[in-house]
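One structure is given here, and the rest of the page talks about it.
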Amino acid sequence: MRGEDDKPTLSPHVRPATKANEAMHPVVMSEAAFTSKLLRDAAYYADDTILILNMDVREGIDLLAKADVEVNCVVTSPPFYGQRDYEVDRQIGLEAHPSEFISTLADVFDAIGASILAANGSLWVNIGDTYWSGKGEHKSGESKQSARRFGVRPQDKKGDGKWCVPKQLLLIPHRLAIELQDRGWLVRNDNVWVKPNPIPDQVRDRCSMSHEYVFHFVKERWYYFDKNSVGRSSDNGTVLPPLDTWELPPVRGPARRHRARFSEELVRIPILTTTPPRGVVLDPFAGSGTSLIFARKHGFRAIGIDAKQSYCETMVDQLNQVSEEEIDGADD
């Protein structure tokens, strides 16, 4: 029988093998799997660090699952409800009722969580809100209004008298968060993106909107999160986590073909805190490719999915520009 003095001891520099500590040493996808023939043959663009798929998001998820892809961080801004017509088949965002939109988005994120997101990975979703109008097709001749108001949007129709009544704020961000919570996701934060100089709302009977949400979801209690990469220093020298309120100006002006663009600063905290070294970032609604570009600049691999070919073209152009800047920097 072993006595008290015979108990094994740990080196003071070795942390015990707890679930929390194990989560901080995640397995990342192999280089060979990332550059597999199956993925390269299907890709609109592929190199050793970036993969772009020009297809419906649901088809893209199925392909990644078939290729045994495992991503560490998902950061995305899906289409906002009733804001734009992207003119692609099976597009998300123009469902007749906001509940259908929320259910469809939740199905997409569930599929990602079930098949390709690492168990200790994170999902970050930037999503804004909108009002139910009920006024029918807009009659303004202003060019900006025409760009935003294409024909009759879902929220321009009569409505159901419950969620959908004139002047009602639909609360889509939190309805989506609650739907995902009901499906088993853990909600870690409803980070608030504050826009210091937003485009003013032309309204007379409410406050002007100046924020959006960036929700942080995880699949289980223990997950990878490195606060040191973006943390704040306390008075005694310890590292505090970043705040859940981010004051960042929105990106102004279209990036060629894309009007609704991420700011690189908006993806900085999500990617740096929840992507391990050489880990893989996924943006399933990649748009202009900001998440991919930021990931590449910081040594991560990234996968982007978008159904609109012109957006994929923009992503490649942006990536080529980054590559040229890297070459120019190396020559200096």
> Of V239, V74, V125, which has the largest mean-square fluctuation in a 10 Å C-alpha GNM of the chain?
Replying inline: V239
> Under the Karplus relation 6.51 cos²θ - 1.76 cosθ + 1.60, θ = phi - 60°, what is the ordered set of whole-Hz ³J(HN,Hα) values for the range 181-193, x standing for Gly and Pro?
Replying inline: 4, 5, 8, x, 6, 9, 8, 8, 8, 10, 4, 10, 8
>> I need to check one value: relative contact order of the chain, counting alpha carbon pairs closer than 8 Å and at least 6 residues apart, in percent.
In response: 22
> Relative to the present Cα-Cα distance, how much length would full extension add between A32 and D182 at 0.36 nm per residue of separation?
Replying inline: 50.3 nm
> Expressed in nm to one decimal, what extension gain is obtained for the pair I327 and E265 from 0.36 nm per residue of sequence separation less their Cα-Cα distance?
Replying inline: 20.0 nm
> Going by the alpha-carbon gyration tensor, a ≥ b ≥ c the square roots of its eigenvalues, is the range 200-318 rounded (a/c under 1.5) or, if a/c is not under 1.5, prolate (a/b greater than b/c) versus oblate?
Replying inline: oblate
> If one takes the longest principal axis of the Cα atoms in the chain, at what angle in degrees, from 0 to 90 and to the nearest 10, does the Cα axis of helix 264-274 lie?
Replying inline: 30
> Put a dot 7 Å past each Cα toward the Cβ at Q91 and T238; how far apart are the dots in nm?
Replying inline: 5.0
> How do Y44, Y81 line up, fewest other C-beta atoms within 10 Å first?
Replying inline: Y44, Y81
> Do any GluC sites (Glu not before Pro) in the range 205-256 lie in a DSSP loop with no more than 16 other beta carbon atoms within 10 Å, and if so, which?
Replying inline: E220
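Give, in nm to one decimal, the length gained when the segment between S208 and H25 is fully stretched (0.36 nm per residue of separation minus the Cα-Cα distance).
Value of the extension gain: 61.5 nm.
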> Using θ = phi - 60° and the Karplus form 6.51 cos²θ - 1.76 cosθ + 1.60, what ³J(HN,Hα) does each residue of the range 172-177 get, whole Hz, x for Gly and Pro?
Replying inline: 4, x, 6, 5, 5, 4
>> If you average the alpha carbon positions of the range 72-138 and of the range 262-332, how far apart do those two centres end up, in angstrom?
In response: 21
>> Using Cα springs under 10 Å in a Gaussian network model of the chain, which residue among I269, I199, I293 shows the largest mean-square fluctuation?
In response: I199
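Which of the three applies to the range 42-142, rounded, prolate or oblate, going by the alpha-carbon gyration tensor with a ≥ b ≥ c and a/c under 1.5 meaning rounded?
prolate
Bear in mind these aren't lab numbers, they're just calculated from the coordinates by the rules spelled out. What you see is a predicted model, and the numbers here were worked out from it, not measured in a lab. Positions of Cβ are generated from backbone atoms using ideal geometry, with glycine treated the same way; all protein chains shown enter the neighbour counts.
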